[in-house]
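Q: Structure in structure tokens, see below.
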Amino acid sequence: MEITDTLKCSIMMEVFEAMMYKVAVDTRNEWMNGSMVETLKDMDSKYRWDYYSFIPNATNKVVDQLIYTLTKLKEKEPNRSAFRFLDVGCGIGNIMMLAKYSGFRQAHGIEFDRSHENRFLYDKKDILNKQSEVQVFWQDAMKFTNYGAYDVVYMYRPIHDYAMQRKLERIVSGTMKKGAYLLANLCEKNWGRTKMEWVHAKNGVNTINDIWVKQ
């Protein structure tokens with residue numbers, strides 16, 4: 001699939017529209033029911049935790065990564081109709097939504113901070129359904145045992161602590177399946193002996209950074 005500006009804009013606009021609508025509805029409801037003060041307190045408390053509550057990545061770069069890796073996966077397995085995506089530290093699900101609009105059949109996420117559940121971009125009944133194409137595992141990513149089930153794993157440094165972040169990256173890269181891609185944005189990229197290889201990915205003449213593949 002060619003990564004055109006028109007395609008990228010279409011994907012990003014779909015997701016931004018969903019995000020803005022969700023934010024507008026939630027904000028109105030929280031002001032109306034008086035819970036906005038508690039929401040602000042909750043957001044402030046996250047600075048005391050040892051993880052990043054929310055860090056926005058450059059959306060156009062993420063779309064480049066998603067389309068590139070999905071295209072390569074389809075080239076390797078042309079008879080396969082569905083590929084699986086996982087966001088480690090998915091927050092409110094914006095990257096999961098980008099993955100769905102980019103063409104991934106299943107978009108799952110892991111999130112430690114349960115407060116994101118009420119602000120999640122997808123309906124709660126969908127993300128709690130174990131058969132759903134969109135699913136969130138509300139747990140510690142260190143204890144997740146199914147990284148090998150996914151074709152593309154995305155991380156944007158979910159843990160602030162340097163040593164813990166390195167440990168998480170080794171867990172993820174060490175248990176991914178052969179041929180799976182890791183989108184390691186803002187990560188330490190200290191894989192140890194887990195056989196990760198940097199992908200020389202291009203969109204035209206421009207390099208798409210932070211893509212690794214499991215050997």
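Q: Working only within the range 69-84, note down all residues that are more than 22 Å from Thr207 (Cα to Cα) and in contact (Cβ under 8 Å) with a residue 40 or more places away in the chain.
A: Of the residues in the range 69-84, the ones more than 22 Å from Thr207 (Cα to Cα) are 77-84.
Of everything in the range 69-84, those that are more than 22 Å from Thr207 (Cα to Cα) and in contact (Cβ under 8 Å) with a residue 40 or more places away in the chain turn out to be Phe83, Arg84.
Q: Sticking with this structure for a sec: Looking only at the range 134-189, how many residues end up being modelled with pLDDT under 95, aromatic (Phe, Trp, Tyr) and within 15 Å of Ala99 (Cβ to Cβ)?
A: Adding up the residues that qualify gives 1.
Q: Would you please name the residue that is nearest to Arg84 (Cα to Cα), looking only at residues in the range 148-163 that are of a type in the set (Val, Ile, Thr) and under 13 Å from the mean Cα position of the chain (by Cα)? If you could, list the steps in order and put the result at the bottom.
A: Going residue by residue through the range 148-163, those that are of a type in the set (Val, Ile, Thr) are 152-153, 159.
Next cut, under 13 Å from the mean Cα position of the chain (by Cα) only: 152-153.
On the way: Val152: 7, Val153: 9 Å.
The qualifying residue nearest to Arg84 (Cα to Cα) is Val152.
Q: Something else now. Is it the case that the range 87-109 has a residue that's more than 21 Å from Leu7 (Cα to Cα), crowded, with 17+ Cβ neighbours inside 10 Å and aliphatic (A, V, I, L, M)? Working first, answer last.
A: Step one: list which residues in the range 87-109 are more than 21 Å from Leu7 (Cα to Cα), which gives 87-92, 108-109.
Those still in the list that are crowded, with 17+ Cβ neighbours inside 10 Å too: 87-92, 108-109.
Within this subset, residues satisfying the condition of being aliphatic (A, V, I, L, M) are 88, 92.
Yes, that holds for at least one residue.
Q: Next up: Given the conditions (1) out of contact with any Phe, Trp or Tyr (no Cβ under 6 Å at 6 or more places or on another chain); (2) within 22 Å of Gly179 (Cβ to Cβ), report the number of the one that His116 does not fulfil.
A: (2)
Q: To continue, here is another question. In the range 200-215, what count of residues is obtained for those that are among the polar types (S, T, N, Q) and either free of Cβ contacts under 8 Å to residues at least 24 places away in the same chain or assigned to a strand (DSSP E or B) (or both)? Quick ask: steps written out before the conclusion?
A: Restricting attention to the range 200-215, the residues satisfying the condition of being among the polar types (S, T, N, Q) are 203, 206-207, 209, 215.
Going one step further and asking which of them are either free of Cβ contacts under 8 Å to residues at least 24 places away in the same chain or assigned to a strand (DSSP E or B) (or both), we end up with 203, 206-207.
Within the range 200-215, residues that are among the polar types (S, T, N, Q) and either free of Cβ contacts under 8 Å to residues at least 24 places away in the same chain or assigned to a strand (DSSP E or B) (or both) number 3.
Q: While we're here: With the condition kept exactly as written, say whether any residue in the range 73-81 is under 14 Å from Leu182 (Cα atoms) and charged (D, E, K, R).
A: No, the range 73-81 contains no residue that is under 14 Å from Leu182 (Cα atoms) and charged (D, E, K, R).
Q: In the range 176-215, how many are over 23 Å from Lys74 (Cβ atoms) and buried (at least 17 other Cβ atoms within 10 Å of the Cβ)?
A: Count: 3.
Q: Taking interchain pairs and intrachain pairs at least six residues apart, which have beta carbon atoms under 7 angstrom, with the first residue in the range 86-115 and over 18 Å from Ala58 (Cα atoms) and the second part of a strand (DSSP E or B) and among the polar types (S, T, N, Q)?
A: Every condition considered, the pairs that remain are His108/Gln135.
The values are calculated or read from the model by the stated rules, or taken from the named source; none is laboratory data. Every value quoted in this text rests on a predicted model; they were computed, and no experiment measured them. Because the Cβ atoms are built from the backbone with ideal geometry, glycine has one as well, and the counts that use them run over all protein chains shown.
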